[in-house]
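Enquirer: This is the structure I have questions about; it appears just below.
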Amino acid sequence: MGVLDSSFDILCRNGEVKQLVSLLGQPEESIPQCIFISGHKSSGKSYTIHKVLDGLKVHYASVNCVEGYLPRLIFESILSQIKGEILPPTSKCDDVMEFLTSLKVMADEMNLHDKVVVIVLEGSEKLRDMSPNLLPALMQLQELSCLKKVCVVLVSDVLWDKYIPPGGLPPPIQIFFQQYSQSDILKILALDKPKDYPADFYSNYLQLFVAVFLRSCRDITELRYKAAENFSKYCEPILRGEIDMNDSGRLWKHISPHLKTSLQLIYMRFETEKLSSDMDLMKPMDKHSTLSSAAKFALSFELPYYAKYLIIAAFLASYNSPKEDKKLFVKLSGRTKKKVQKSTKNTQTKISSLVVGPRQFDLERLLAIFYSIIEEKPHISVNLLTQITSLVELQLLLKVGNDPLETPKYKCAVGFDFIVIIAKTLSFNVTKYLVDYK
Amino acid sequence: MSRTPKKPKTTTNVIKPNEVLSIRKIVKSQILDPASNPFRGSPKEFSDVLYLFRRAIENGESNSALLIGPRGSGKSTLVETAIKSLQDDCEAFDDSVIVRLNGYVHTDDRLALKGIATQLQLENAVGDKVFGSFAENLTFLLQCLSQGDREHSKSVIFILNEFDLFCHHQNQTLLYNLFDVAQSAQAPICVLGITCRKDVTDLLEKRVMSRFSNRQIHLYPQAFETLEEGVRNRIQLCINLLSLSSKDKINISAATVAHWNAEVESLCHNPTVTDCLKQMYYTSNCERTLRNFLLLVISRLDDNKLELCPSDFSEVSKQLHRNLRVAMAEGLSVLELCLLIAMMHQNEIFDFAPFNFEMVFNRLLKFEQHSSKTMNVDRQVVFKGFEHLKALEFIKPVSSSSQVLKEFQMFNLMLVTDEIREAVNNYQGLPTEVSQWAFSDYT
């Protein structure tokens, strides 16, 4: 057994590997019915169990429940993997019963009765949404199929206590994968070292990188992607011969703005290269690249003049109550008197409508606000109305309800940040018209 | 792992490495294999079931009954043990058939009928026959078994596991027909439903209910007068599961067996071990939990580690009793943990009213303004963190309507304040201002 342990080449997962081997390692021993593996995303759960099962040389089938969104797909995939060949299209397996019969037949054919067979179900939290009988049946597969050496391994990001239905389930054996610590992460990232750089140099870079990124993200997959992406930037001045390889201070100065912009785009998988090259290739630090990603997004639409006013009007209609309209948009109304009354009545306890979400409004209100905030008065025309439709098409406005007889109702689908940027291009002050702003 | 000083001395003498593996194998099968665990306790319920089966097999009497008891109380074990004992001492047993149906597998009546046909080995007889109704089909199956008069027909015992699920089948046709056959004595059958729902008879339709014999056998886990007695019983059970019996045909010397059993005996009375067992018993009296626990303990043996020691028990117990929600929260990034703290404060201020992303984000921004170091958070990155928490089911949407924009969807926090604070306490390298924020009474 000691020999087996060392042959698994899995970093930072010794305890878990040992436990799995001790449960599944000996083919002549009894095998538990169900093992439940939980832990954070990309903490090596699937990798570890696959490596262990490969190393132990047991029969196993592994299905991802996101791919196998129907019980039939899961069953057929399990059967074909155990058999080692693709099943003939005639053999259908729609429900648990047919699965059990085919499994038994297969076990007779392949003489599996005293061999360990493991079924790994990744993303098993999806099983809860399928038929309510599926999860309990799979968890008791050993009992139901009368194969004494069948074990179902459920892999999930969600903890076991979220699985238990009102009727209860027999408790499985749980193995929890602890999240990697900072030193573990450094060790794992160091595996991706490019060949032509020394290990010290790369580990220096990783220290800098992890110090910036770890606060927002501990997902190894994402960190690996970002580390590789930024490393080429890190090395650029060295390749150009501007900075010496050992001058870590200057290298840090060079890379830190890059890391910061890259941090903003985490999980987004935009090509940062492409974005900055679109803006300006030679000077990456010009005023565009200092804009936040939200601003880039807002400007990328290049909305026409009237459409900009329309979206602002829609925002104001969504986040102000219709009661305030008169006060905000009608000139020379008795507003001072009312304001005094209001401010004494309303204490802070009211939740700002900016955080509650947009309310719906009808077309007439939108146009009324639009005409009161725009200086020149364009005629209502088809051109103007098509602007609204195209805003809906762009998903900046949401149409509520689809009754053809009623006047159409809308909701604004963009946030405050977006509107502020749009308003800036028109030099229009939105906050003046927002009741709930500060 | 702490090593007791006496350990190296004993291991060299008594238990040899090759024997450890066989011990492990035997004990594991004692813990896991249902066949090696006969039913214990509740002799009255056991004899009731046995009597029922015996009457059906020997005299061809039809009957129906329900066996009700909570999960893990040994219902299936009871039935299997009863069948096994009949197999041993009843001559007529070979003339009877046992049909096992499971609510998880036979999810509708068509499947159930197919299952019955397979288990009665009558698929060929059914063949391509077309039946008008379900009842016809079932009676045909049963008639195939009866040869001539009542004395000579085969009796069938139906065991319906997860009986409550059969009640949800359309019109309860299967149950109606089974109970009908049992009541009108068309063929000698005995129907035993096993369920953990106490209100199961309320699920039965009136016409089904009137055909059911209304015999209910209730099974409860062993009850003890005092907690101490319960714990003592637990320890005894633990010893039984771990020790080797001399009658096993094994390649272990008698001296080793004696030594192992003595070790187990003394181990189970060790204060550390009894504390673990006591703690487990206080939270759950389910036997399956104990078995899982012992399985993990016994799995720690291998050819480098030849004997169990109390620390094995305490370590496994610690592993099992760990609050995994806290452990999960410790694995979050600082940003995500900050989101959790913001939600916690939001809950305190608004008295556990549901919240949305905007509210939490505002709270996070306020914290950022107060704290000396800027967090440098981008809205989209924070939103990703929020979605991560949602994927982990730390927060749960109040309603699942797709009409609402995702920033404004309302959520409830599924963690308790204490759990979040514990995670903050255990977090390695957390900035001090964050932990101060978590423990402040935020206003």
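The values are calculated or read from the model by the stated rules, or taken from the named source; none is laboratory data. Note that the coordinates shown come from a computational prediction; the quantities given were computed from them, not determined experimentally. Note: ideal-geometry Cβ built from the backbone for every residue, glycine included; neighbour counts use all protein chains shown. Surface areas here come from the heavy atoms of the whole protein model, side chains and all, with no ligands, DNA or RNA. Shrake-Rupley method; radii C 1.70, N 1.55, O 1.52, S 1.80 Å.
Enquirer: Running a GNM on chain B with Cα contacts under 10 Å, which residue among B:D95, B:D202, B:D418 ends up with the highest mean-square fluctuation?
Expert: B:D418
Enquirer: Sticking with this one: Please sort A:137-150, A:79-92 by packing, taking for each peptide the average over its residues of neighbouring beta carbons within 10 angstrom, highest first.
Expert: Details: A:137-150: 20.7, A:79-92: 12.3.
By packing density, highest mean first, the sequence is A:137-150, A:79-92.
Enquirer: Let me know the mean shielding of A:213-225 by other chains, meaning the per-residue number of their Cβ atoms within 10 Å of its Cβ.
Expert: Details: counts 1, 4, 12, 12, 8, 7, 3, 0, 0, 1, 0, 0, 0.
What the average comes to for A:213-225 is 4.
Enquirer: What does the structure give for B:325-332 when I average, per residue, the other chain Cβ atoms found within 10 Å of the residue Cβ?
Expert: Mean partner-chain Cβ count within 10 Å for B:325-332: 5.
Enquirer: Let me ask something else. Taking R0 as 56 Å, what FRET efficiency do you get between B:D441 and A:K92 from their Cβ-Cβ distance, rounded to the nearest 0.05?
Expert: 0.35
Enquirer: On a 1.4 Å probe surface of the protein chains, which of B:T201, B:T283, A:T389 comes out largest in accessible area, and what is the full order?
Expert: Greatest to least solvent exposure: B:T283, A:T389, B:T201.
Enquirer: Which of the residue pairs A:K195/A:K226; A:K57/A:K162; A:K296/A:K377; B:K28/B:K84 have a Cα-Cα distance greater than 28 Å in the structure shown?
Expert: The answer is A:K57/A:K162; A:K296/A:K377.
Enquirer: Relative contact order (percent) for chain A, with alpha-carbon contacts under 8 angstrom and 6 or more residues of separation? Can you show the working numbers first?
Expert: Working: 459 pairs, mean separation 59.4, N = 438.
That works out to 14 percent.
Enquirer: Of all chymotrypsin sites (Phe, Trp or Tyr not before Pro) in region B:261-357, which ones are in loop regions per DSSP and have a Cβ with at most 15 other Cβ atoms within 10 Å?
Expert: The qualifying sites are B:F350, B:F352.
Enquirer: Helix A:305-319 against the longest principal axis of chain A: what's the angle in degrees, Cα atoms only, rounded to the nearest 10?
Expert: 70 degrees
Enquirer: Taking a virtual spin label 7 Å from the Cα of B:A223 along the C-beta vector, which residues in region B:269-291 bring their backbone nitrogen under 17 Å of it?
Expert: B:285-286
Enquirer: Roughly how far apart, in whole Å, are the Cα centres of region B:337-357 and region A:144-172?
Expert: 32 Å
Enquirer: Restrict the search to region B:300-346; then list the trypsin sites (Lys or Arg not before Pro) that DSSP places in a loop and that have at most 14 other Cβ atoms within 10 Å of their Cβ. Let's see the in-between values first.
Expert: Numbers: sites: B:R300, B:K305, B:K318, B:R322, B:R325; in loops: B:R300, B:R322.
Answer by residue number: B:R322.
Enquirer: Can you figure out the FRET efficiency of B:S311 with A:M130, using R₀ = 45 Å and their beta-carbon distance, to the nearest 0.05?
Expert: 0.60
Enquirer: To test your reading of the geometry: what angle, between 0 and 90 degrees and rounded to tens, separates the Cα axis of helix A:416-425 from the longest principal axis of chain A?
Expert: 50 degrees
Enquirer: I would also like to ask the following. Cα to Cα, under 20 Å, and not fewer than 8 places away if on the same chain: which aspartates and glutamates meet these conditions relative to A:K193?
Expert: A:D9, A:D184, A:D219, A:E222, A:E229, A:E236, A:D244, A:D247
Enquirer: Turning to a different aspect of this structure: For B:160-170, what's the mean count of beta carbons from other chains sitting within 10 Å of each residue's beta carbon?
Expert: Other-chain Cβ atoms within 10 Å of each residue's Cβ, averaged: 1.
Enquirer: Considering Cα pairs under 8 angstrom that are at least six residues apart, work out the relative contact order of region A:14-177 and quote it in whole percent. Before the final figure, lay out the partial values.
Expert: Values: 242 pairs, mean separation 63.0, N = 164.
Rounded, it is 38 percent for region A:14-177.
Enquirer: Most fluctuating residue of B:K406, B:K25, B:K75 in a GNM of chain B with Cα springs under 10 Å: which is it?
Expert: Largest GNM mean-square fluctuation: B:K406.
Enquirer: Here is a further query. Taking the convex hull of the alpha carbon atoms in region B:326-439, what volume per residue do you get, in Å³?
Expert: In region B:326-439, the Cα hull volume divided by residue count equals 96 Å³.
Enquirer: If you don't mind, there's one more thing I want to ask. Could you list which residues have their amide H under 5 Å from that of B:V191, counting only those 5 or more apart in sequence or on another chain, with H placed in the peptide plane?
Expert: B:N63, B:S64, B:A65, B:F158
Enquirer: Just to be sure I understand the model, the point goes 7 Å from the Cα along the line to the Cβ. What's the resulting B:N304 to A:K399 distance in nm?
Expert: 6.8 nm
Enquirer: I need the peptides A:166-176, A:27-37 ranked by packing, meaning the mean over residues of other C-beta atoms within 10 angstrom, with the highest value on top. Write out the running numbers ahead of the final one.
Expert: Working: A:166-176: 16.7, A:27-37: 19.7.
Result, highest mean Cβ count within 10 Å first: A:27-37, A:166-176.
Enquirer: Mind grabbing the interface size between A and B? I mean buried accessible area, both sides, 1.4 Å probe, in Å² to the nearest hundred.
Expert: About 5700 Å² of accessible surface is lost on pairing.
Enquirer: Something else now. Please build a GNM for chain B, connecting alpha carbons under 10 Å apart, and tell me which residue among B:G74, B:G385, B:G41 fluctuates the most.
Expert: B:G385
Enquirer: With the cut-off at 1.5 for a/c, could you classify region A:26-150 from its C-alpha gyration tensor as rounded, prolate or oblate?
Expert: It is rounded, given that a/c, with a ≥ b ≥ c, falls under 1.5.
Enquirer: A further question on this structure: Could you pull out every residue, at least 5 positions away or on a different chain, whose amide H is within less than 5 Å of the one on B:F411? Hs are placed 1.01 Å off N in the peptide plane, and Pro or chain starts have none.
Expert: B:F355, B:N356, B:V398
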